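Trainee: Sharing a structure with you now.
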Amino acid sequence: MTALIAHNGFRLPAIGLGTYALRGDAGADAVTTAIDGGYRLVDSAFNYENEGAVGRGVAASAVGRDEIVVTTKIPGRHHPREKARTSIEESRARLGVEVVDLHLIHWPNPRQGEYVQAWEALIEAQQRGIVQQIGVSNFLPEHLERIERETGVRPVVNQIEVHPFFPQSEQLAYHREQGIITEAWSPLARADRLLGEPVIAEIAAAHGITAAQAVLAWHVARGTVAIPKATSAAHQASNLAAASVILDAGEVEAITALGRPDGRLFGGDPATHEES
Ligand SMILES: NC(=O)c1ccc[n+]([C@@H]2O[C@H](COP(=O)([O-])OP(=O)(O)OC[C@H]3O[C@@H](n4cnc5c(N)ncnc54)[C@H](OP(=O)(O)O)[C@@H]3O)[C@@H](O)[C@H]2O)c1
């Protein structure tokens, strides 16, 4: 599968597994099925209340721990330095891993204004060796610039909302310049109206693939890592297979044209959204 490479050489596969709402035994089973079926990147977050299930799912898979990138995120209420330190340790314990492969700050919460402290806690955790790679989520360029200016450390990943209704072309170009890998959250726009869009159906039919696969192939063509959440083995496998579908420039443009300035799914503008 195509790999995306960050400024420090860190690599991620083009398709990973989203896990929002995958919890408990069923969640753990879905994670194991995904990894045994070929996934090597798994998302999670303290706030999803599923790090235990994700960790158990990873441990039960037949794949070596060193081949899997396990991700989690620090919630907004844990930004102050001491709370961030404990949050990182607690996530590691819940996941049941020696090292968290990729640890992100979930939202910048600019009104709260403490995300630099959370970033410093991640840098320290990386130095202690309990976190491998550090990144952020929902950061605007001004937030990225601030953490780098104040600490000298640039994130490897920014996980942001990207789907055809909200393509974020400018932010993607900014990340590319900086060597920051873009991870696209809600890459299928939650598999609702988007999959019924005629332009998507047309492109899917031309390639003999599903609408979801056409959307994921669009992400791959734009150089982002998509992390669709899928419960069933069938959806998981079909999403992973989309990584090898190649769309031409015209098809990519036609899908990007579905974008709208107000295309966010729930209005979560990082400039104003404050996550608890
Ligand atoms: N950083 C952030 O602030 C943030 C915010 C939101 C999400 N995320 C992350 O991004 C991940 C993905 O986003 P999301 O869960 O919001 O939405 P999504 O991945 O766009 O859509 C998930 C929905 O698509 C369905 N689906 C998956 N594959 C399909 C297929 N091949 N055909 C038809 N339907 C399919 C799933 O159903 P089934 O489960 O039944 O297969 C589920 O209902 C999350 O799980 C989470 O890990 C991060």
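The numbers here are math on the coordinates, done by the rules we state, and not lab data. The model shown is predicted, which means the values in this text are computed figures rather than measured ones. Note that each Cβ is placed from the backbone with ideal geometry, even for glycine, and that neighbours are counted across all protein chains shown.
Trainee: Considering the chain as a Gaussian network with a 10 Å cut-off on Cα pairs, which listed residue, G27, G263, G152, attains the greatest mean-square fluctuation?
Mentor: Most flexible of the set in this elastic network: G152.
Trainee: Can you sort W107, W218 by how many other beta carbons sit within 10 Å, fewest first?
Mentor: Least to most surrounded, the residues fall as W107, W218.
Trainee: Another question, if that's okay. Which residues' amide hydrogens lie under 5 Å from the amide hydrogen of W185, considering only partners 5 or more residues apart or on another chain, with H built in the peptide plane?
Mentor: Long-range HN contacts for W185: I160, E161, V162.
Trainee: Of A214, A84, A243, which is farthest along the charge dipole of the chain in the positive direction, counting Lys and Arg as +1 and Asp and Glu as -1 at C-beta?
Mentor: Checked the options; the winner is A84.
Trainee: Continuing with this model, one more query. Rounded to the nearest 20 debye, what is the charge dipole size of the stretch 141-202 about its Cα centre when +1 sits on each Lys and Arg Cβ and -1 on each Asp and Glu Cβ?
Mentor: Once rounded to the nearest 20, the dipole reads 120 debye.
Trainee: In nm, to one decimal, how far is the R128 label point from the E150 one, both placed 7 Å along Cα→Cβ?
Mentor: It is 2.0 nm.
Trainee: If you don't mind, another one. Give me E170, E183, E251 ranked fewest to most by other Cβ atoms within 10 Å of their Cβ, as a rough exposure proxy.
Mentor: With the sparsest Cβ surroundings first, the list reads E170, E251, E183.
Trainee: Here's a follow-up. Treating only the Cβ of Lys, Arg, Asp and Glu as charged (+1, +1, -1, -1), what charge dipole size does the chain show about its Cα centre? Round to the nearest 20 debye.
Mentor: Roughly 320 debye, rounded to the nearest 20.
Trainee: Size of the dipole of the stretch 170-231 about the Cα centre, Lys and Arg at +1 and Asp and Glu at -1 on the beta carbon, nothing else charged, in debye to 20?
Mentor: My answer is approximately 140 debye.
Trainee: Another question, then. Can you tell me the orientation of helix 51-60 relative to the chain, as the angle in degrees between its alpha-carbon axis and the longest Cα principal axis, to the nearest 10?
Mentor: 70 degrees
Trainee: Give me the one-decimal nm value for the distance between modelled label points at R193 and M1, 7 Å along each residue's Cα-to-Cβ direction.
Mentor: That separation, rounded to one decimal, is 3.0 nm.
Trainee: Could you put E114, E51 in order, starting from the residue whose Cβ has the fewest other Cβ atoms within 10 Å? If you can, show how the numbers build up before the last one.
Mentor: Numbers: E114 18, E51 26.
The order, fewest Cβ neighbours first, is E114, E51.
Trainee: Provide the net charge surrounding N138, with neighbours chosen by a C-beta distance below 12 Å and charges set as Lys +1, Arg +1, Asp -1, Glu -1.
Mentor: My count for the surroundings of N138 gives -3.
Trainee: Take every DSSP beta bridge with both residues inside the chain and express the antiparallel ones as a percent of the total, to the nearest 5.
Mentor: 15 percent
Trainee: If you don't mind, another one. Estimate the FRET efficiency between T272 and E177 by the formula 1/(1 + (r/R0)^6), using the beta-carbon distance for r and 35 Å for R0, to the nearest 0.05. Walk me through the numbers on the way to the answer.
Mentor: On the way: r = 25 Å, r/R0 = 0.72.
In this case the efficiency is close to 0.85.
Trainee: If you don't mind, another one. Of L240, L188, L258, which has the largest mean-square fluctuation in a 10 Å C-alpha GNM of the chain?
Mentor: Checking each option, the largest mean-square fluctuation is seen for L258.
Trainee: I'd like the antiparallel share, as a percent to the nearest 5, of DSSP beta bridges with both residues in the stretch 1-147.
Mentor: Around 20 percent antiparallel, to the nearest 5.
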